[in-house]
Amino acid sequence: MARYTGPKTKKARAFGEAIFGYDKYFERKKYPPGEHGNKRRRRQKSYYGIQLMEKQKAKYTYGLLERQFRNLFKKAARLKGNTGELLLQLLESRLDNVVYRLGIAPTRRAARQLVSHRHITVNGKVTNIPSYLLKPGEVVGVRGKSQNLEVIKNSIKQNSQNVRRFGWLEWNPDKMEGVFLQYPEREKIPEPINEQLIVELYSK
């Protein structure tokens, strides 16, 4: 399945945020990439440029390509309610994102790989589709044969406290499974994304 495989630090520097998680190289150079580094005088972005940058930031943060992101936006636009908030809720309900939020994987990219390699189950059935959209009440777990994988055990050990920050998820360490309780409210989603700019961009 297609995914972004380019340089992560360069993208993070372009957005001015560590969108792929902690990056020691980004911490050293928190200015945009380019031949002249931080000394270069940069033109002020147009409003369209700001909208586009926000859409790109959301796209790379959640690991989607353009067509996937646009289709998800169209789905959000068909639902009743605030389109921007609904878009973020759909992004948060993706299986790869929930695997990451539960602490089963250290990054979304790693979560996507675990799902693709059939290490993850949904309601007890192996599911290898990272873009699968979970519904409230569905259970995400680690496949029995995969529960002893070092990468999974280490990630769960390091992130066991973090999952408590997400009130829409519930984690059972004994069964190595979590429940997607509900779609999260906008103020509880930690990603610094201005979804209204994305709505304005696609509404043109």
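So how much slack lies between Ser116 and Ile129, counting 0.36 nm per residue of separation and subtracting their Cα-Cα distance, in nm?
Computed gain between Ser116 and Ile129 is 4.1 nm.
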Leading residue at positive end of dipole, the range 94-182 (Cβ point charges), from Gly167, Asn123, Thr107: Thr107
Square roots of five times the Cα gyration tensor eigenvalues for the range 94-182, Å: 16, 15, 12
Starting with the highest mean, order 187-200, 89-102 by the number of other Cβ atoms within 10 Å, averaged over the residues of each peptide. 89-102, 187-200
Which peptide among 113-120, 179-186 comes first, and what is the full order, when sorted by highest mean count of other Cβ atoms within 10 Å? 113-120, 179-186
Label zone at Ile50 (point 7 Å along Cα-to-Cβ), backbone N below 13 Å, the range 57-95: none
Separation in nanometres of the label points that stand 7 Å from Cα toward Cβ, at Lys175 and Gln158: 2.7 nm
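Each reported figure results from applying straightforward, stated rules to the coordinates on display, with no laboratory input. What you see is a predicted model, and the numbers here were worked out from it, not measured in a lab. Backbone-built Cβ (ideal geometry, glycine too); neighbour counts: all protein chains shown.
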